[in-house]
Amino acid sequence: MKTLKYIYVLSMAFTLLIGCTEDDNDLSFVDEVVAPTEVSAVFKVTQDNTGVVTITPNAIGAAHYNITFGDDTAEPANVVQGDGVTHTYAEGNYVVNIEAVGITGLKTEATQNLEVSFKAPENVNVTIENDMAVSKQVNVTANADFAISYDVYFGEEGTDDPVSANIGESISYVYQEPGTYTIRVVVMGAAIETTEYTEEFTVTEILQPIASAPEPPNREETDVISLYSTKYNDVPGTNFFPDWGQGGQGSSWAEFDLNGDKMLQYINLSYQGVQLADGTSIDVSGMKYLHLDVWTADENIRIETSLINNASGDVTEKPVWSDLTAGEWTSLDIPITDYTEQGLTVTEIFQLKFVGDPWAAGTVFIDNIYFYKPSTVAEVPEYNAPSPTQNSANVVSIFSDSYTNVGISELNPNWGQTTTLTPVDINGNNIWLYEALNYTGIVTDYGNPTDLSSMDYVHFDYFTPDAEALGLKIVNTVVGQEDVEFVSNIVRGTWVSVTIPMSRFDIDASAVTQLLFDTAGGSAKVYIDNLYFYSDASSQPEVIAPVPTIAQNDVISIYSDAYTGVTLNEVNPNWGQTTTLSDFSVSGDNIWLYQSLNYSGIVTDYGNPTDLTGVKYLHFDYYTPDATTLGFKIVNTALDPVQEDIVFLPEVITGTWISVTIPLSDYNLDFSNITQLIWDTSGVSATVYVDNIYFHN
């Protein structure tokens, strides 16, 4: 019997700080220190009728212990972590108190019962079992009267030393191979005599996956409803072993950890349930498939996957049976129509059920349980990236049809990457297509490095249906320097322009020989265009923003010379802002110039709201010499109450045109009646030039 209580002590280990300077006295670590946990002690008795017991305490986060022996000994013994203390007891029953003390003085106490008797242990009861979740692991528990501890000899060749535990506590041991072994248990008290128990025991092997299930593809949040997957955001509070009586059918559950990858393990599967949190249900009528990955070592086993609906309190379930292949992952994509064609309503799914066939005769591992529909993200670019407009005299181009490129000696050189590179032509424009991209190199000329020391920015355009991360590394192999910058927010399914100040790269840029694209260990499909460096040191735009290339019929334009826009009733209406708005022009291109911008509105038409339902992206270009914050708010005034939401840029880059693409899924509102758009600098007055404000697919 073990009881715990926590004692919080406001003492500090100031002796650790003697001799430190003031700058060294960083006590921030104290905020993260907690009291010791899992406090226990192992008792080891001398079998000679003397009552000598060795007490070895242990805990997580303890520096030392105060042991109170539970007899008439007045003072507790102090024991440092890793040591033990011996004490002589008379026959009797004692409660030993273990006080674990952490480095900061925080304390935790535990008590353990100790029975000292000079009688040999009697009524020995030993339980030996194969662990149901860990392959080849055997669990042993021994109980007896007049006993303090026990040793277990597991009988595996080459392993002669016993494993010890207090009486009543369990010992676990993992064998190298399955088979039959002689397990010997020696039960000890304070008497000279011990009591032994021996059993011939068959150790079984639980076959289990040695590789993870296939990784699910990247999907937009609106395209998936996940119950169990590290890839997506799961519905919270789901119970994967609700008490439906299946335990009485010989079935059990564990969460199996395969090198950090967790999955569900259903042992002796008769039937198992998945229960959403109380009062929670999900509408999967908009999804096309139910996906799950299943692994089993058992031959000729099938699994039933049932959806259970609770529409208006009328609980209905329908099954779908699937065959499994032994020894490998079986990926199941069950059409939702397989359930609806049986008459099941799927608007309020609150439970799933798995059934094994044969009944309670096989173990299955399940991962990646989610509903999904085919991706709404484009896989291939239909249009080219926006056309660059920087003056060629200020550009060092690596790859772009708009400029003369420097010489490249190697593309995607064999550095051990999985990446393949294919040049593609889209609408007459040359583009690089990287597939299975984990990383890839671009080598200019080792003998004639590229001098980028006068460049202010690096620019590239990317299109990806599935990348989760994308970085650009710049390498100076002459002095052995390199640095990488990752895109702050990946947007999928459209061309995205990236501009990074060269000041972000901590390298000598005078002799650059390598550039690398990096997905931070991922594997992705990425199109690249317009990779170049340029200088731009002016305080106002001297060139126009990149020219849009998307067709008019795929665009709802607010302001751009490239498109016919919707009607605007008001621009910078008098809502109390400090902002002034004027027209600005570069090379005949019209631009809005906001000065003293704190916030400013754009009103389309209250009588004829703009419907953005089904539109995927917002685009605009900005140029600012001084802004530090910039947000874009979208407002639906047709609703009561009014709906609005704002997205702020993760960073604002000054001194050059920056193209911004924001998925409309980042906004939480009804897009069917949009009447207002609002710029916001969080109250900080700024100068901002704006062009090409439009929504598109």
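Computed from the coordinates by the stated procedures, all read-outs in this text should not be read as laboratory data. What you see is a predicted model, and the numbers here were worked out from it, not measured in a lab. Positions of Cβ are backbone-derived with ideal geometry, glycine not excepted, and every protein chain shown enters the neighbour counts.
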Fill in the blank from the handout: Most exposed to least, judged by fewest other Cβ atoms within 10 Å, F399, F241 sort to F241, F399
Handout entry: Label point at A638 placed 7 Å out along Cα→Cβ; residues across segment 594-611 whose backbone nitrogen lies under 17 Å
Key = 603-611
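Nothing charged except the Cβ atoms of Lys and Arg (+1) and of Asp and Glu (-1): what's the magnitude of the dipole of the chain about its Cα centre? Round to the nearest 20 debye. Please report the intermediate quantities before stating the final value.
Values: 21 positive and 95 negative charges, 144 e Å.
Its charge dipole is roughly 700 debye.
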Exercise for the section: Would you mind pulling out the separation of the Cα centroids of segment 378-401 and segment 408-469, in Å? Expected result: 13
Problem - Whole-number percent relative contact order across segment 82-205, with pairs defined as alpha carbons under 8 Å at least 6 apart - result: 24
Completion exercise
Footprinting proxy, M188, M132, M455: sorted fewest to most Cβ within 10 Å, the residues are M132, M455, M188
Fill in the blank from the handout: Going from the fewest other Cβ atoms within 10 Å to the most, one would list I662, I225 as I662, I225
Handout entry: Relative contact order of segment 150-212, pairs being alpha-carbon contacts under 8 Å that are 6 or more residues apart, as %
Key = 31
Completion exercise
Between E215 and S409, the two model label points (7 Å from Cα along the beta-carbon direction) sit apart by a distance in nm of 3.3
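Can you tell me how much longer the chain between R302 and T37 gets when fully stretched, taken as 0.36 nm per residue apart minus their C-alpha distance, in nm with one decimal?
On the way: separation 265, 0.36 × 265 = 95.40 nm, distance 4.39 nm.
Gain on stretching R302 to T37: 91.0 nm.
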Problem - A311-A90 pseudo-label distance in nm [points 7 Å out on the Cα-to-Cβ vector] - result: 7.8
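Take every DSSP beta bridge whose two residues both sit in segment 469-628, then give the antiparallel share in percent to the nearest 5.
95
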Problem - Given charges at Cβ of Lys, Arg, Asp, Glu: the chain dipole, positive-most of V45, P57, A110 - result: A110
Exercise for the section: Between the alpha-carbon centers of segment 554-592 and segment 31-74, tell me the distance in whole angstrom. Expected result: 76
Handout entry: Structure-derived semi-axes √(5λ) of the Cα gyration tensor in Å - corresponding label in (1) 74, 28, 24; (2) 46, 29, 22; (3) 63, 34, 28
Key = (3)
Completion exercise
Once S585 and E651 are pulled to full extension, the length gained, defined as 0.36 nm per residue separation minus their Cα-Cα distance, is 21.2 nm
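Highest mean first, how do 307-318, 280-291 rank when packing is the count of other Cβ atoms within 10 Å averaged over residues?
Details: 307-318: 15.3, 280-291: 17.2.
Ranked by mean Cβ neighbours within 10 Å, highest first: 280-291, 307-318.
So how strong a dipole does segment 122-203 carry about its Cα centre when Lys and Arg Cβ are +1 and Asp and Glu Cβ are -1, to the nearest 20 debye?
Working: 2 positive and 15 negative charges, 35 e Å.
The dipole of segment 122-203 has a size of about 160 debye.
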